[in-house]
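Okay, so here's the structure we're looking at.
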């Protein structure tokens, strides 16, 4: 399914939420697990995964009506974050080359220091040094003016936008990481920031007088990343610290981006499209029949599309759901049917009778990156 299919016009809206939701302040979170690999293979301690915020925006884009003024703003945020993630994903091949296999790799790490949060696209850990990779997935032409601390971006449609110096962004992350290491009581270790241009079709316009400027010397295209990592490995030989201690601390202190997307975008739950969405029509809802769900628009039948509906609920509203809330969000008319559908999923349960809640965290965390694109 293409991105254009994912966001077909949507016009339905439900107002019944006012009767079932007192608040929308709870948001879900996901757990982190180190990835173990064979000796000599690349080690992603925190693998490349779709950001939680991107998944939330995708769910919101599916369920915000087409005629809502906020829809375009939401889609713009979605496209921007999706482009960033696409650029980060494209580095997987280059990080699995020989030089990359010398590092322990963390994708999208967010830490806190000196009352500030800072996020690194990639953190590469070696016993002799650390590498921060700032990924830029940009199309069009980039003209670099490091003396003015700016990059002039000419988009494919010839519109122009001024961006901050990419290298300075990476340097700020380096300073934050150095402070974080000091606060943790770990020995100081060399930290190298590097900007990676991931879009091979992006044209770089670099005036000759800036060829030796740090902003240019510390920038590479993706294809040149392995050789640059080899160079950095050759420059550092002194082992500084225990890698395992640093790995554990990073995973412990990593902050998941769990901000409620409805609060962030100013969307009230009453504005959301409810119902079980058809994976073919996207903007059409399905009805529950005895053994399956049916889309009256295209005729598609599916046994468990309400799983994706529950995941959307968890991403958008909260990771716990009651029978009443499920009936509202999935448009299930019968309390007994809702109870049966929830019970057969073997979700963790707390409370009894009308106070019973079902936890959706495991369901959400174990779902594929885009459940609506993977339905059979």
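For segment 105-220, please list each of the strands (runs of 3 or more DSSP E) lying entirely inside it that holds at least 1 residues being at pLDDT below 95.
Filter on segment 105-220 gives 116-125.
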> From the residues in segment 302-329 that are over 18 Å from residue 62 (Cα atoms) and at pLDDT 90 or above, which one is nearest to the chain's Cα centre (by Cα)?
Replying inline: 319
>> Among the residues that make up segment 248-264, is at least one of them touching a helix residue (DSSP H, G or I) at 6+ places or on another chain (Cβ under 7 Å), more than 30 Å from residue 121 (Cβ to Cβ), in contact (Cβ under 8 Å) with a residue 40 or more places away in the chain and not in a loop (DSSP other than H, G, I, E, B)?
In response: no
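Restrict the check to segment 317-335 and report whether at least one residue is part of a helix (DSSP H, G or I), free of Cβ contacts under 8 Å to residues at least 12 places away in the same chain and not assigned by TED's automatic domain parsing to the domain that holds residue 112.
yes
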>> Just to check your reading of the model, which residue among 206, 197 is over 28 Å from the mean Cα position of the chain (by Cα) and in contact (Cβ under 8 Å) with a residue 24 or more places away in the chain?
In response: 206
> Of all the residues that make up segment 204-216, how many are surrounded by 13 or more Cβ atoms within 10 Å (Cβ to Cβ) and over 13 Å from residue 149 (Cα atoms)?
Replying inline: 3
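Listed here are the residues, each with its yes/no results for (1) assigned to a loop (DSSP other than H, G, I, E, B); (2) buried (at least 16 other Cβ atoms within 10 Å of the Cβ); (3) assigned by TED's automatic domain parsing to the domain that holds residue 331.
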| site | (1), (2), (3) |
| --- | --- |
| 273 | yes, yes, yes |
| 291 | yes, no, yes |
| 297 | yes, no, yes |
| 309 | no, yes, yes |
| 312 | no, yes, yes |
>> If I ask for residues that are surrounded by 20 or more Cβ atoms within 10 Å (Cβ to Cβ) and either modelled with pLDDT under 95 or more than 17 Å from residue 312 (Cβ to Cβ) (or both), which ones from segment 72-92 would you list?
In response: 85, 88, 91
> Where residues in segment 330-376 are on the phi > 0 side of the Ramachandran plot and exposed (fewer than 12 other Cβ atoms within 10 Å of the Cβ), which of them is modelled with the lowest pLDDT?
Replying inline: 353
> Could you count how many residues in segment 340-354 are closer than 26 Å to residue 284 by Cβ, free of Cβ contacts under 8 Å to residues at least 24 places away in the same chain and assigned to a helix (DSSP H, G or I)?
Replying inline: 2
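The values are calculated or read from the model by the stated rules, or taken from the named source; none is laboratory data. Computed from a prediction, not measured in an experiment: that's the story for all the values here. Here the Cβ is made from the backbone with ideal geometry for all residues, glycine too, and neighbour counts use every protein chain on show.
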